Every structure is written in C-alpha cells, then in structure tokens.
Amino acid sequence: MANNLDAMRKIPPGIWLIRKIRGKDCSLKTHRYMVLLVTFIAYTSYHASRKPSSIVKSALDPEPNKTTNVHPWPIGSVFVKDEFLNENKDKFGHKGWEPFNGKDGTEKLGLIDVAFLACYSLGMFGAGHLGDTLDLRLFLTCGMIGSGIFVGLFGMGYFWSIHVFGFYLVMQMVAGLFQATGWPSVVAVIGNWFGKRKRGLIMGIWNAHTSVGNITGSLIAASVLEYGWGWSFIAPGTFIAIAGILVFLFLAAYPEDIGFPCPARAEAVPRDGEAQTQNEGTVEEGKSTPIRDRSGARRSVGLLEACLIPGVIPFAFCLFFSKLVAYTFLYWLPFYLSQTEIGGEYMSVKSAGNLSTLFDVGGIVGGILAGHISDKLRARAITAASFMYAAIPSMLLYRLYGNLSRTVNIVLMMIAGLFINGPYALITTAVSADLGTHSSLRGDSRALATVTAIIDGTGSIGAALGPLLTGFLSTKGWDTVFVMLMLGALIAGLLLSRQVVVEINEKACKSMRSSSGQKSSEAPPSQPLLSDQR
C-alpha cells in the first residue's frame, strides 16, 4: 500500500488526470514528446525572462535621441525607427531612469548584468547537486516561480519610483540564483528520457528553446515598453511563473516514475551491437524490462567525482569563452544596434530589440546543424571547435560591413549567430548529456544534473565576464569589444585541441580496423569469420 502511495506521489498531477480520463497510460513515445514540449516551454520562459534588461538598456541610459523620421522598413512597424520620439523619458518627463542615466550609467548596467550572471553561475554548482538529490519536477517548479517573482519585482521599481541602485542589484542577484535551477534540471530530464542515439540532433532541435526564448523575451519586452519599462520585466516574469505551473502539472522527470525503464541505463550495460539493439527494442516496448529505483532513491555524484569524468574540464573551459561571446551578444546587441548608424540611419530601442532577434534565428539553425553534424561524424569536439573558429571571421565581417545597409546587417548577424550559438548549444546539451551518462559512472544518471551544472556553471562565469567587460570596453569604442569577442572564440576552439586530437585518432583507428576487417573477410572459406562465430 505504501509503495502504491509513493508511486502516486511521483506521477505529476496532470499526467495522473489524463491517465484517469483515458483509462490507460500513454505510450513511451507520447511521453517523450510531452517531456520535450514541457521542457522546451520551460527553458524558453527562462531565456525570455533574461532578455528584458538588454531591451531597456537604452531607455534606462539614453544617449541623445538619434531616431529619424523615415518610412518603416521592411515589414510595417516591426523595424520602424520613429515610433517613440519620447521613449527615453520616464513618467516624470526626465530622460532615462536614475540611477542609470548618469555618467556612470553604462558601467552600472554592466554591473547589473554581471551581478545576475555571477549569482547564476555560482548557484549553478549547488543547483546541479540539488537537482540530482531532490525531485527534479518540484525543484524546477520552485526555481521558475521564484524567478518570475524577482524578475517582476525588478520591473516594479518603475511603478514604485525606486531610484536606489542597490535595489536593482539585489533583485538581479536573487533572480540569478533562482535561474540557476533551470539548465541542470532540464538537461537531466532529457538525458533521462533519451539515449545517446541521435542525441545531438534531438537536443540540437530541442535547444532551439534558447533562441526562441530570446526572441520571445525581446518581442514581449519591446511590445510593452511604450507603457513603461517596468512592464518589460513584469510580462516575462509572469510568463515564466505560468510555465512553472505547467512543469508541476505535466513533467515526469524520470521514466521510472511513470512505469518506464531509463534509456540511459539500458544503453550503459551492453557493449556489442546485438545487445544494444536488443536493449533499444526493449526500451521502446516500454515496461518489459525490470524498473529500478525511482527518482528519490538514486545515489548522487559529488562535484569532485564529476570533474574527474574525462572531457568535463576541457568542455567546461571551452564553454567559459563560448558563453562569454554568446552572452555579450545576448545582453548588448540591442544596445549596439540602437547606437550604431546602419545605412545612414539610427533606429529606436524597440526596433533594435526586434532586429536583434534575427541573431537568435541564426542561432536556432546553428544549434540544429551542430547537433546533426556531430551525430553524423560522431565527433562533438571537432564540430564545436570548427564552429568556434568559423565564428571569428563571421564577427569580423559583421563589424566591418554590418553598417552598410539593413539587409547586409541582417545576413551577417544571422551568420554570426549560427556559428556562435552552434557550439554553445552543442556543449550545453548533447555533450553534457553524454558526459553525464559516461561509462565510468556505470549508467548512474544521477550525475546528469551535476555534470551539466559544472559545465554550464563554468560557462556562466564567462557569460558574466563578457557583458561586464563590454560595459567598460564599449566606452573606448566597439572595435575593442569585437576584438575581445574574437579572441574569446579563438581560445574556446584551442581549448578543445586535445579532444579534437583524441577524436581524430579514434577515427583513424576505426578506419584501420575496418580496413583490416575487409582483408579478413577475404580469407579462405576454411577460416570462419568472426560474425559467423557469433
């Protein structure tokens, strides 16, 4: 009886209700689709709630109004340049918002970003271990609702007429701690439900939530900016809180919690091709294999033990520089666009926010492409390093020629987004899941959240450093900022050199074995082949 009650407690209320209404359970494939959809929405809301600060930067710390009265381009009011002639004035008629509209306004905006990202990165290490210890569904729900509350409170500073820098600093810091619950949790859930087969492609497509979240957050924040910059925080904060309720109702963190075996465990035991095929078939059938402990009874892996997994440290430091580049674009691209003359014209804050979403459109393509290529090549490091090297000339071209016209800017921006977000997406998804289910762990998926936290937590320190440095370097000119970004991409690629060499050697060895296998297949009939002996 107690076991039945424990099983009922683990099943999410929404799934339990669907099961009661239908009179039977859904198939494993249906549950996988549901997990993909719910986690996609969840992390979309996480990134949407991070975007407002980049959208309102020019409203909080405006330079002289540079908008010009020209015809909208290219699709109506989406990229219109003159919709807010007074957009940089607060409700009292003052330009900008104290304390961000002084001489040190840009530096304070940079400090706001780094406060959020520093707490996010530090919180990530603890959140990963907690995610492997606590119920992932409840942990994720609390993190999302908490994030929504503190993002909304930052926006309430507008309506409460708060002009104390410390208030905004604290709100961002606490929001960063709550945001740290997201990534280790969702990657662990996906790793629990999906094996390594086609993981790069599946997670590459699924990782589009990062760019979709940035786009959604930009559009939401920009659409309500005319009613006061506070709404640009409250609306995304409400979005993530509602998504948290959806997670509580419908997310099954572990297949075992609703009666299915764990693919990660099933794949970890066999070594030969026949056994793996049998295992995959068993997993697809659902409940034909014995189910091991539920989510509350697994052994978690410590931070030190997880760091010793081969490949964790190199990929973590590579992500440090990769996220430094990616998050600089995330937080500063709208500001850069609003302060840069493009085709002889300047655009408004809203237009810059809308236009910056195209960087993330390129990022969606980059994430899917990197995942697919890494699956085909079976070489995560080679793919990630190649994308990082390709990001260097793409950023250089964007800086040199992005101001020629709006069309050229869009094309080069999307290309840069493709190469910058491709390796970032690959490392934080497929690579983290691969390492979190490494053979050295003997199939213990409880390392998933911890490994993800180590890799992404280290990367998030770089994500905090990039926007902070940009706040200071931008005062010396944007050329300096782009030099920093290109150096970051170069170092990120070089850090994977050892992994790249290992993968190349593995491929060379496999090629030699396959060629020797062909020679053995040409042996006399009196000598039986290995495949016949099986």
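For this structure, a couple of remarks:
- The residue of segment 471-493 that is farthest from I382 (Cα to Cα), among those that are among the aliphatic types (A, V, I, L, M) and buried (at least 24 other Cβ atoms within 10 Å of the Cβ), is L485.
- One residue stands out among those in segment 302-361 that are in a helix (DSSP H, G or I) and among the acidic types (D, E): the one that is least open to solvent (accessible area, probe 1.4 Å), which is D360.
- Conditions (1) open to solvent by 10 Å² or more (accessible area, probe 1.4 Å); (2) under 26 Å from A433 (Cβ atoms): number failed by P255: (1)
- Qualifying residue in segment 165-181 (condition: of a type in the set (S, T, N, Q), more than 28 Å from I15 (Cα to Cα) and out of contact with any Leu (no Cβ under 6 Å at 6 or more places or on another chain)): yes
- Of the residues making up segment 456-470, at least one is surrounded by 12 or more Cβ atoms within 10 Å (Cβ to Cβ), charged (D, E, K, R), in contact with a Phe, Trp or Tyr (Cβ under 9 Å, 6 or more places away or on another chain) and at pLDDT below 85.
- Residue selection: L37 fails the criterion of being in contact with a helix residue (DSSP H, G or I) (Cβ under 8 Å, 6 or more places away or on another chain), of a type in the set (A, V, I, L, M) and modelled with pLDDT of 70 or more.
- The listed residues are T340, T357, and the only one of them that is of a type outside the set (F, W, Y) and over 25 Å from the mean Cα position of the chain (by Cα) turns out to be T340.
- With respect to (1) at pLDDT below 80; (2) open to solvent by 60 Å² or more (accessible area, probe 1.4 Å), the lone exception for E98 is condition (1).
- All positions within segment 102-125 that are more than 18 Å from A463 (Cα to Cα) and surrounded by fewer than 19 Cβ atoms within 10 Å (Cβ to Cβ): G102, K103, D104
- Residue in segment 143-161 that is touching a Cys at 6+ places or on another chain (Cβ under 7 Å) and surrounded by 20 or more Cβ atoms within 10 Å (Cβ to Cβ) present: no
- Residue within segment 371-394 that is open to solvent by less than 50 Å² (accessible area, probe 1.4 Å), out of contact with any helix residue (DSSP H, G or I) (no Cβ under 6 Å at 6 or more places or on another chain), among the polar types (S, T, N, Q) and part of a helix (DSSP H, G or I) present: no
- Search result, residues across segment 15-31 that are surrounded by fewer than 18 Cβ atoms within 10 Å (Cβ to Cβ) and within 27 Å of the chain's Cα centre (by Cα): K29, T30
- Answer residue from segment 400-448, given it is modelled with pLDDT of 75 or more, buried (at least 24 other Cβ atoms within 10 Å of the Cβ) and among the β-branched types (V, I, T) and is nearest to A306 (Cα to Cα) among those: V431
- Helices (runs of 4 or more DSSP H) contained in segment 132-221 and holding at least 1 residues at pLDDT 85 or above and small (G, A, S): 136-159, 165-179, 182-193
The values are calculated or read from the model by the stated rules, or taken from the named source; none is laboratory data. All figures in this text were calculated on a predicted structure; none of them were measured in a lab. Positions of Cβ are backbone-derived with ideal geometry, glycine not excepted, and every protein chain shown enters the neighbour counts. Heavy atoms of the whole protein, side chains included, go into the accessibility calculation; ligands, DNA and RNA do not. Shrake-Rupley method; radii C 1.70, N 1.55, O 1.52, S 1.80 Å.
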